[in-house]
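So the structure is just underneath, and the comments pick up after that.
The values are calculated or read from the model by the stated rules, or taken from the named source; none is laboratory data. These figures come from a predicted structure and were not determined experimentally. Cβ atoms come from the backbone with ideal geometry, glycine included; neighbour counts cover every protein chain shown.
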Amino acid sequence: MSKYGQDSLKAKRSLSVDGKTYHYFSIPEGAKALGVDVSRLPNSLKVLLEHILRFENGRSYKVDDAKAIVGWLEKGQSDKEVPFRPARILMQDFTGVPAVVDLAAMRDGMLKLGGDPQKVNPLVPVDLVIDHSVMVDVAGTPDALRQNVDLEYQRNNERYEFLRWGSSAFNNFRVVPPGTGICHQVNLEYLAQVIWTDTDAGDVYAYPDSCYGTDSHTTMVNGLGVLGWGVGGIEAEAAMLGQPIAMLIPDVIGFKLTGKLKEGVTATDLVLTVTQMLRKKGVVGKFVEFYGQGLTSLPVADRATIGNMAPEYGATCGFFPVDEATLGYLRLSGRDEHRINLVREISKAQGMWRDDTTPDPVFTDTLELDLSTVLPSMAGPKRPQDKVVLTEIASSFAKELPNLSVPGAPPLGARVPVGGANYDLGHGDVVIAAITSCTNTSNPYVLVAAGLVARKARAKGLTPKPWVKTSLAPGSQVVTDYLNASGLQADLDALGFQTVGYGCTTCIGNSGPLEDAIVSAIEDHKLVAASVLSGNRNFEGRVHPNVRANYLASPPLVVAYSLAGTITKDITTEPLGTGSDGQPVYLKDIWPAQQEINDVVHEVLTREMFQSRYADVFKGDEHWQGINVETGTDTYRWNSGSTYVQNPPYFEDMGVEPKPVASVTGARILAELGDSITTDHISPAGSIKKASPAGEYLLEHQVRQNDFNSYGARRGNHEVMMRGTFANIRIKNELVPGIEGGITKHYPSEQVMPIYDAAMKYKAEGVPLVIFGGKEYGTGSSRDWAAKGTMLLGVKAVIAESFERIHRSNLVGMGVLPLVFKPGEDRKTLGLKGDETVDILGLEELRARMMLDIVIHRADGTETRTQVQCRVDTADEVEYYKQGGILQYVLRSMAGVMVPA
């Protein structure tokens with residue numbers, strides 16, 4: 001029996017490429033059967049339409065779903081939902097480990113339900129790239145890479161043993177070993193195919209490549225014409241187990257690009273401009289699709305940079321159509337010539353090919369940017385959408401300083417001594433300068449630009465200031481190849497930008513330690529230190545706990561600021577330093593011309609580099625090959641002594657039938673939080689402090705503080721993660737004003753304590769919990785632990801003004817209600833003090849997006865009644881919630897014991 005649908009619309013066609021026959025489901029023919037011309041349907045929606053045509057079976061995929069997508073053209077929007085399941089799944093190890101832990105736990109759960117554990121297997125291809133575990137412990141030395149890799153394996157051996165077991169135990173599951181590169185860059189350079197192929201009943205089918213990723217920057221592959229976006233590990237698990245995810249057909253915002261970038265302007269400057277424009281426009285939950293003749297001059301490397309930062313501008317994706325530039329990149333990156341021909345022919349047959357004669361698609365709304373108006377820029381000090389043109393960085397920091405500093409801090413311009421050093425520090429001094437992150441390390445133009453800045457600075461005798469920690473973390477080994485081939489790596493090395501590892505480092509908080517004397521100076525004198533990094537995230541507390549001002553910048557500007565040593569200097573007019581000839585050296589003296597950059601890239605970057613590096617990508621180095629792994633077991637043999645991997649409790653009390661849904665009564669408020677609470681605030685991330693519930697747990701389990709590693713590395717252990725939920729050092733709980741960190745007040749005792757301790761106290765008392773929040777609750781990375789930890793703490797509902805898309809979905813997937821205030825109301829208008837109890841009524845009759853009554857009982861005996869909207873958005877999500885969560889729903893389905901709740 002075919003895995004594909006019954007083809008009610010007679011859309012199945014075939015074509016020959018290089019003598020090989022491929023079957024495909026024709027978008028134009030399917031639309032013709034519906035009586036609609038879809039030539040101007042956005043390409044991103046054409047991917048969804050093809051998916052419906054391919055799987056249409058009259059049950060989970062219906063002709064009505066295809067009608068809903070083509071019907072979008074009438075108004076450029078829709079309130080209909082359609083099912084979607086991507087061609088494949090991409091994971092990184094921080095988010096991937098807990099997903100594989102859940103799969104292993106589901107095999108145990110399957111045994112409890114009397115089923116076959118072998119049924120718990122990915123049904124679509126899954127690639128996990130280990131890229132988030134390397135830390136910049138050592139930097140600025142020739143052997144930094146070796147030392148950091150050795151430390152990585154020492155810290156993460158338990159996790160890596162588990163992943164190697166998974167790669168042998170599960171079908172359709174591959175692991176790219178550490179030291180290969182960042183998952184999004186490996187995806188762009190190797191894994192993505194643009195047109196995917198699959199064999200069914202002896203026939204070969206071709207269809208658009210699409211991808212879910214357990215990292216929000218999965219959207220980077222949108223630059224190659226692959227529709228993909230970040231989802232929580234929870235959604236990814238459901239998709240890999242064959243469950244289509246129902247999604248509302250999104251608005252599609254068209255972003256027209258015209259003109260060309262001016263001399264001296266980088267792709268990073270462009271993406272920061274685009275991010276600011278789209279954040280201002282408001283594109284949360286929407287698709288963004290780029291079009292216009294400006295695409296002709298925009299290489300895939302630049303497109304990928306823009307697509308990468310879709311989470312920063314709030315969109316589900318930032319999609320680019322397939323064109324000649326796409327084919328050129330596929331050829332350069334070593335893809336097979338037959339695949340390139342297939343991409344061209346299928347894209348043209350499906351009406352998904354772009355050139356300068358292509359009519360503009362129909363969009364929900366549009367905005368436009370003339371590329372020639374983009375100026376050199378950075379973003380900061382704490383949000384990626386806060387673009388600041390380069391000429392205003394110093395003045396902007398001066399204005400922001402009162403908001404960044406703490407009481408008792410010295411004034412701007414004051415300098416403080418650093419113990420044992422021959423220099424001093426002040427506000428705005430750059431203590432971290434890092435070329436890192438998938439956003440820019442995939443782009444050879446900005447990396448070569450950084451190398452040329454280093455070369456020219458070296459020639460003039462400039463070096464970074466002694467308080468700056470410099471590092472280079474290439475996104476793939478290909479980067480090292482072309483930097484070596486050009487000789488630019490030697491220039492970067494001379495300035496302290498030696499390679500520290502191949503992975504996501506500073507951008508996710510793996511920046512490693514600063515020198516003790518620098519930390520003491522910052523802490524003792526309450527300095528607002530700065531970082532400059534070529535990343536995509538600069539949220540509070542993310543880069544380093546001792547760095548309060550964080551700026552996103554292009555790689556060449558990272559090098560320039562390492563030389564200046566401070567962001568309080570206008571580097572467009574003031575010298576970066578004094579050269580070896582005693583003369584001042586300005587930015588213009590060392591900034592390369594665009595033609596110079598292009599010449600180097602075109603001379604040294606070759607197809608053979610990609611083919612060589614990816615020839616045996618799953619093999620790994622001697623460290624990886626030396627890991628002992630137990631093979632041949634259907635279920636994982638959990639080690640009760642492991643502090644990295646533990647069997648989570650999601651299925652412990654699970655029966656064949658779900659428990660009836662009931663209203664929540666007598667709930668206490670665990671936290672009251674403000675606007676733009678990110679998943680970095682909620683989910684454990686970064687270093688683990690000794691004086692924290694998670695630190696205490698590790699000490700109790702004989703783990704030395706030096707071996708704590710990061711929260712991200714310990715995501716496979718729920719005991720660590722739930723203790724770190726809401727424990728971010730910068731989070732501000734309004735129940736305890738004036739205190740930063742994961743602290744709350746327990747009622748009725750009125751004791752102030754860590755949020756985890758309070759949650760466990762409430763749990764022992766049998767008291768359910770709620771959280772109140774502001775606007776854009778859950779902004780940021782697709783961290784499933786932000787939802788898992790919330791659930792494990794006993795939180796039944798989060799009541800906020802609005803939610804970020806992924807986190808809202810993840811809350812539902814873990815059985816936590818996302819609720820939204822009605823217009824004109826928020827936590828402040830309710831006058832909450834923290835000593836109230838809350839009832840949420842009407843859950844017995846739960847429906848998608850229904851209004852629910854809530855009652856707030858105050859300590860003085862009065863009560864307030866109001867309504868909130870339930871953001872359980874679809875009928876499928878209602879069923880997930882009623883089953884106890886999406887994992888329970890899938891497991892009961894696979895075991896054949898599903899009883900509708």
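General remarks:
- Scanning segment 733-750 for residues that are modelled with pLDDT of 95 or more and surrounded by 15 or more Cβ atoms within 10 Å (Cβ to Cβ) turns up 733, 734, 735, 736, 743, 744, 745, 746, 747.
- Looking across segment 53-81, the residues that are without any contact (Cβ under 8 Å) to a residue 40 or more places away in the chain and either acidic (Asp, Glu) or part of a helix (DSSP H, G or I) (or both) come down to 64, 65, 67, 70, 71, 74, 75.
- Wholly enclosed helices (runs of 4 or more DSSP H) of segment 532-636 bearing at least 1 residues in contact with a Ser or Thr (Cβ under 9 Å, 6 or more places away or on another chain): 555-564, 587-590, 594-604, 607-613
- Single match in 312, 263, 345, 235 (criterion: of a type in the set (Asp, Glu) and either in a loop (DSSP other than H, G, I, E, B) or on the phi > 0 side of the Ramachandran plot (or both)): 263
- Of the residues making up segment 118-143, those that are under 21 Å from residue 686 (Cβ atoms), more than 23 Å from the chain's Cα centre (by Cα) and buried (at least 24 other Cβ atoms within 10 Å of the Cβ) number 1.
- A count restricted to segment 668-687 and to residues that are of a type in the set (Gly, Ala, Ser), buried (at least 24 other Cβ atoms within 10 Å of the Cβ) and not in a loop (DSSP other than H, G, I, E, B) stands at 1.
- Conditions (1) surrounded by fewer than 22 Cβ atoms within 10 Å (Cβ to Cβ); (2) part of a helix (DSSP H, G or I): number failed by residue 479: (1)
- The residues of segment 268-288 that are surrounded by fewer than 19 Cβ atoms within 10 Å (Cβ to Cβ), farther than 12 Å from residue 386 by Cα and either over 17 Å from the mean Cα position of the chain (by Cα) or modelled with pLDDT of 95 or more (or both), listed by number, are 281, 282.
- From the list 727, 685, 667, the lone residue that is touching a residue at least 60 places away in the same chain (Cβ under 8 Å) and either touching a helix residue (DSSP H, G or I) at 6+ places or on another chain (Cβ under 7 Å) or closer than 21 Å to residue 155 by Cβ (or both) is 685.
- Any hit, segment 207-227, residues being part of a strand (DSSP E or B), more than 17 Å from the chain's Cα centre (by Cα) and more than 21 Å from residue 99 (Cβ to Cβ): yes
- Residue ID - surrounded by the fewest Cβ atoms within 10 Å (Cβ to Cβ), chosen from residues in segment 162-184 that are more than 25 Å from the chain's Cα centre (by Cα) and in a helix (DSSP H, G or I): 168
- Among the residues listed as 292, 314, the single one being in contact (Cβ under 8 Å) with a residue 12 or more places away in the chain and within 21 Å of residue 443 (Cβ to Cβ): 292
- Checking each residue in segment 82-117 for being surrounded by fewer than 24 Cβ atoms within 10 Å (Cβ to Cβ) and assigned to a loop (DSSP other than H, G, I, E, B) picks out 85, 87, 113, 114, 115, 116.
- Within segment 548-588, if we keep just the residues that are crowded, with 24+ Cβ neighbours inside 10 Å and among the β-branched types (Val, Ile, Thr), the residue that is farthest from the chain's Cα centre (by Cα) turns out to be 567.
- Within segment 185-201, being over 23 Å from the mean Cα position of the chain (by Cα) and surrounded by fewer than 24 Cβ atoms within 10 Å (Cβ to Cβ) holds for 196, 197, 198, 199, 200, 201.
Condition check ((1) assigned by TED's automatic domain parsing to the domain that holds residue 784; (2) at pLDDT below 90; (3) part of a helix (DSSP H, G or I)) across all residues:
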site	(1), (2), (3)
647	no, no, no
653	no, yes, no
691	no, no, no
696	no, no, yes
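- Residue in segment 60-97 that is nearest to residue 158 (Cα to Cα), counting only those that are touching a strand residue (DSSP E or B) at 6+ places or on another chain (Cβ under 9 Å) and among the small types (Gly, Ala, Ser): 96
- Residue in segment 678-721 that is farthest from the chain's Cα centre (by Cα), counting only those that are closer than 18 Å to residue 544 by Cα and aliphatic (A, V, I, L, M): 691
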